[in-house]
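This report refers to the structure that appears directly beneath it.
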There are 2 protein chains.
Amino acid sequence: MKFTTKSEYGLKATMDLAENFGRGPRTIRSIAENQGIPENYLEQLLSTLRRAGLVKSIRGAQGGYMLAGSPKEITIGEIIRTLEGSVAPKNCVDDENPEVCERAESCVTRMVWERLKDSINEVLDSITLYDLCEEAKKMCSANSFMYYI
Amino acid sequence: MKFTTKSEYGLKATMDLAENFGRGPRTIRSIAENQGIPENYLEQLLSTLRRAGLVKSIRGAQGGYMLAGSPKEITIGEIIRTLEGSVAPKNCVDDENPEVCERAESCVTRMVWERLKDSINEVLDSITLYDLCEEAKKMCSANSFMYYI
DNA sequence: GAAAAGCCTAGAAAATTACTTGGGATTTGT
DNA sequence: ACAAATCCCAAGTAATTTTCTAGGCTTTTC
């Protein structure tokens, strides 16, 4: 029951974009270096997010990536579902490409996966990039407070 | 973000034991056939559940597996955590063998994984094998109702 | 027109999951 | 005492998925 690095990298990258929101495009390279993500792999993830309409890109020199909307409008649920495909813990409850189960027995356990999926989505959809940025700021100031005493 | 077949097989197997609770041991073979699970693989899973104290076994002819306690006492959280190792969506929030992250940045996303983990555990710990058995009965009678009309 | 970017596809490498094999060890019934 | 039924265990293989790399193409700026 693990999220893959796609979620982790995707969150880090979009957080990076959120922190630089309104300041022009950021290149894949700078995000990758800043966040410690393999450049070509990140490229694929950002491409996926772009196709989903969560970020937008500017091609050519001086180009790069930006959030498609304000950090307050983008939930991490959108980001993670886009990158992972779905948060369904089992394919039989995957909304996109559901996999029908043959045994009646499965239907009871299926209820479990359904409830889990809902609960995961609820958590993820309740957090925006803005929320995370605020948390990051708090943490940062808490840290420097500790540091200078 | 998928659960592996371990969870699925483990739930099906323990549901099978729960439905037969109090009626003596069930063999691996009969569970495997009944639930459509590869026999030798199921053996490994039941072994893991036994070591965790969730089921108990009787060796030798006429032996088999039984639940270690009543279906009302066993939550599916215990079963799934035992088989999957943990429901932590990322290793950095795995209680058993936590993986320390180096970057301060990660700590914000870490909060996300932490909340998810709690939410997943909450759902799984709120459902007992007994609950699932009741649901199964309900479904079964609903189905036969449909069938005979 | 050269450099700096994003765009795209295919595939290699690594990791994990799912399953298989085969040889024990225990218990029961004859 | 022995055969059959059953659990126990460890190692190995196959399949799948994830992660990353390579390389060529397109667009934009200077």
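The values are calculated or read from the model by the stated rules, or taken from the named source; none is laboratory data. Keep in mind that this is a model prediction, so the values were computed, not measured. Neighbour counts are summed over all protein chains in view; Cβ atoms, including those assigned to glycine, are modelled from backbone coordinates with ideal geometry.
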**OP:** Give the residue that is nearest to B:Ile127 (Cα to Cα), with candidates limited to residues of region B:57-72 that are near DNA strand D (Cβ under 8 Å from one of its atoms) and outside any loop (DSSP other than H, G, I, E, B).
**Re:** B:Tyr65
Subject >> Residues being under 14 Å from the mean Cα position of the chain (by Cα) and not in a helix (DSSP H, G or I) - total across region A:3-36 >> reply: 2
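Listed residues B:Asn20, B:Asn40, B:Asn91; which is within 14 Å of chain A (Cβ to nearest Cβ) and within 10 Å of DNA strand C (Cβ to nearest atom)? Step through it out loud before you land on a result.
Values: B:Asn20 fails: within 10 Å of DNA strand C (Cβ to nearest atom); B:Asn40 fails: within 14 Å of chain A (Cβ to nearest Cβ).
The match here is B:Asn91.
If only one of A:Leu54, A:Leu83 is at pLDDT 95 or above, within 13 Å of chain B (Cβ to nearest Cβ) and under 24 Å from A:Glu135 (Cα atoms), which one is it?
Numbers: A:Leu54 fails: within 13 Å of chain B (Cβ to nearest Cβ).
Being at pLDDT 95 or above, within 13 Å of chain B (Cβ to nearest Cβ) and under 24 Å from A:Glu135 (Cα atoms) holds for just one of A:Leu54, A:Leu83, which is A:Leu83.
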**OP:** State the number of residues belonging to region A:51-73 that are without any contact (Cβ under 8 Å) to a residue 40 or more places away in the chain, near DNA strand C (Cβ under 6 Å from one of its atoms) and surrounded by 15 or more Cβ atoms within 10 Å (Cβ to Cβ).
**Re:** 1
Subject >> Enumeration of residues in region B:104-139 that are among the polar types (S, T, N, Q), under 14 Å from A:Leu116 (Cα atoms) and within 7 Å of chain A (Cβ to nearest Cβ) >> reply: B:Ser119
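Counting just the residues of region B:3-40 that are among the hydroxyl-bearing types (Ser, Thr, Tyr) and more than 9 Å from DNA strand D (Cβ to nearest atom), which one comes out nearest to B:Met66 (Cα to Cα)? Steps first, answer last, please.
Of all residues in region B:3-40, those among the hydroxyl-bearing types (Ser, Thr, Tyr) come to B:4-5, B:7, B:9, B:14, B:27, B:30.
Now drop any that are not more than 9 Å from DNA strand D (Cβ to nearest atom), which leaves B:4-5, B:7, B:9, B:14.
Details: B:Thr4: 23, B:Thr5: 21, B:Ser7: 18, B:Tyr9: 16, B:Thr14: 9 Å.
Out of the qualifying residues, it is B:Thr14.
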Original post:
Take the residues of region B:73-99 that are part of a helix (DSSP H, G or I) and among the aliphatic types (A, V, I, L, M): which is farthest from the chain's Cα centre (by Cα)?
Top reply: B:Val93
Original post:
How many residues are modelled with pLDDT under 95 and out of contact with any Pro (no Cβ under 9 Å at 6 or more places or on another chain) if we restrict to region A:121-139?
Top reply: 6
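Check B:Ser30, B:Ser47 and return the single one that is within 15 Å of DNA strand C (Cβ to nearest atom) and of a type in the set (Ser, Thr, Tyr).
On the way: B:Ser30 fails: within 15 Å of DNA strand C (Cβ to nearest atom).
Checking each option against the conditions leaves just B:Ser47.
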